[in-house]
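Engineer: Please find one structure pasted underneath; my questions will follow.
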Amino acid sequence: MDMQSISYIIDTLYAIFAMTLIIFMVPGFAMLEAGIVRTKNVTSVLTINTLIYAIASLAFLLFGYSLAFGELGNDSMSKYAAFLFQMAFVGKVINIMSGGVSERAKIIPLAIFTVIMGSVLYPLVVNITWGANLLEGTILELSMYDLAGSTVIHSTGGWALLAAILIIGARKGRYTKEGGIRVIPASNIPLVTLGAFLLWIGWFGFNGGSVGSIASKENADLVALTILNTNTAGLSGAIMVAIIMHLMYKKLDLTMILNGALGGLVSITAGPDLYDIYTPILVGAIGGGLVVLGVSLFDKLRIDDPVGALSVHLLNGIWGTLAVGIFASNGNDITLIGQLKGILVIAVFTFISSYIILYIINKIVPLRAGNDEEMQGLDVQECGLEAYPEFKRAF
């Protein structure tokens, strides 16, 4: 067997392995969201997470991949492995949304939006960044560097979530008429922790697999550096939030610390292959700080995001993409202006298109559950199955 065939086999195997790690993020999102929401909404959250994976993946298979990349093909590995790796990403964009609108969003309209996001909106974002590039030669052509999707994945999901929250509104009773904020505690902290760590593990495939090849000494080193830097940013984000929370409140809020880790992971996703082993400490620490700032800011704006997805994914998606321009600019291919242009183009496209589509869906199939359904819990009305039937539900 020649070396080219061996490299082909190794890269195919690595792509499938990375894809498998990314799929661990499906239960990651599901467990984190199930632990954050109240017990009366757990089954509905798990159901939409299951449907997102199924619907988004099939939509990407049937329509999205060809729109994003053109013909199915890859010279360095099996074309089927290349597809599976890209398919693993698509559901994550909508998973970012599902937690942010939980406890008041109905399953069917979210499933309809998943079809459109998986087959059209997300593939168009991929097209102009990683893919066939419909904007090539135009004034809008992008030169943004975004290895694994700080903007392409995380900010895209964040902008769609912001559009959804503006349409659907806050949970009943979350904000008082006097301007106060009612704390709604997580129902299951162990599940939140499990979910966050499943996401963390999945990130190694998310970022490491995006290097594209591991079948040479140089690429193997680059994959290892990418995963090392990914992990470092998560560590730094968690520690920074722990320090901030203790200084501000003399308390170590585990949910915030975990979100700090996720914020660090999002922020490093644009360029973990470009940094030395120390820069991710700073990138991740700033990402953790943005999580604390963002949670407070969105609550002041009365934008109700139960899982903190806007702070973790939207703000840190933006920060991570800018960080590449600040810390890894080479004056030629990567510039801060090029990074900023990519952020703005994708922000405008994603937010406006998502808002219009969600607005239309909402007129046809209301996104929000009725007051009685929300008070009783979505599990009974949406699924007919309670996650914890032996517990007395608190309204």
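The values are calculated or read from the model by the stated rules, or taken from the named source; none is laboratory data. Just so you know, these numbers come straight off a predicted model, no measurement behind them. Glycine gets a Cβ as well: all are built from the backbone with ideal geometry, and neighbour counts include every protein chain shown. Heads up: the accessible areas ignore ligands, DNA and RNA and are worked out on the full protein's heavy atoms, side chains in. Shrake-Rupley method; radii C 1.70, N 1.55, O 1.52, S 1.80 Å.
Engineer: So, in the stretch 270-310, exactly how many residues are open to solvent by 20 Å² or more (accessible area, probe 1.4 Å), hydroxyl-bearing (Ser, Thr, Tyr) and in contact with a Phe, Trp or Tyr (Cβ under 8 Å, 6 or more places away or on another chain)?
Structural biologist: Residues in the stretch 270-310 being open to solvent by 20 Å² or more (accessible area, probe 1.4 Å), hydroxyl-bearing (Ser, Thr, Tyr) and in contact with a Phe, Trp or Tyr (Cβ under 8 Å, 6 or more places away or on another chain): 1 in total.
Engineer: How do the helices (runs of 4 or more DSSP H) wholly within the stretch 96-212 filter down when requiring 3 or more residues that are open to solvent by 10 Å² or more (accessible area, probe 1.4 Å): which remain? Quick ask: steps written out before the conclusion?
Structural biologist: On the way: elements: 107-116, 122-127, 156-168, 189-208.
In the stretch 96-212, 107-116, 156-168, 189-208 are the helices (runs of 4 or more DSSP H) which contain 3 or more residues that are open to solvent by 10 Å² or more (accessible area, probe 1.4 Å).
Engineer: With respect to GLY91, determine if the residue is open to solvent by less than 10 Å² (accessible area, probe 1.4 Å) and small (Gly, Ala, Ser). Step through it out loud before you land on a result.
Structural biologist: Details: open to solvent by less than 10 Å² (accessible area, probe 1.4 Å): yes; small (Gly, Ala, Ser): yes.
Yes.
So that you can scan it fast, the table gives a plain yes or no per residue for (1) in contact with a Phe, Trp or Tyr (Cβ under 7 Å, 6 or more places away or on another chain); (2) surrounded by 17 or more Cβ atoms within 10 Å (Cβ to Cβ); (3) assigned to a loop (DSSP other than H, G, I, E, B):
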| residue | (1), (2), (3) |
| --- | --- |
| TRP319 | no, yes, no |
| VAL324 | yes, yes, no |
| ILE346 | no, yes, no |
| ILE357 | yes, yes, no |
| ASP372 | no, no, no |
| GLU382 | no, yes, no |
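Engineer: Turning to a different aspect of this structure: Does the stretch 19-42 include one or more residues that are closer than 23 Å to GLU373 by Cα, polar (S, T, N, Q) and in a helix (DSSP H, G or I)?
Structural biologist: Yes: one or more hits.
Engineer: Which of the residues belonging to the stretch 240-261 are in a helix (DSSP H, G or I), of a type in the set (A, V, I, L, M) and open to solvent by 10 Å² or more (accessible area, probe 1.4 Å)? Explain how you work it out, then say what you get.
Structural biologist: Taking the stretch 240-261 as the starting set, the residues that turn out to be in a helix (DSSP H, G or I) are 240-249, 254-261.
Going one step further and asking which of them are of a type in the set (A, V, I, L, M), we end up with 240-245, 247-248, 254, 256-258, 261.
Hits for the stretch 240-261 are MET240, ALA242, ILE243, ILE244, MET245, LEU247, MET248, LEU254, MET256, ILE257, LEU258.
Engineer: Given the condition at pLDDT below 95 and of a type in the set (A, V, I, L, M), answer yes or no: does some residue in the stretch 40-62 qualify?
Structural biologist: No - not one qualifying residue is present in the stretch 40-62.
Engineer: Please list, ordered by first then second residue, the pairs with beta carbon atoms under 6 Å, 6 or more apart or interchain, first in the stretch 13-32 and open to solvent by 30 Å² or more (accessible area, probe 1.4 Å), second outside any helix (DSSP H, G or I).
Structural biologist: Cβ pairs passing all conditions: TYR14/ILE214.
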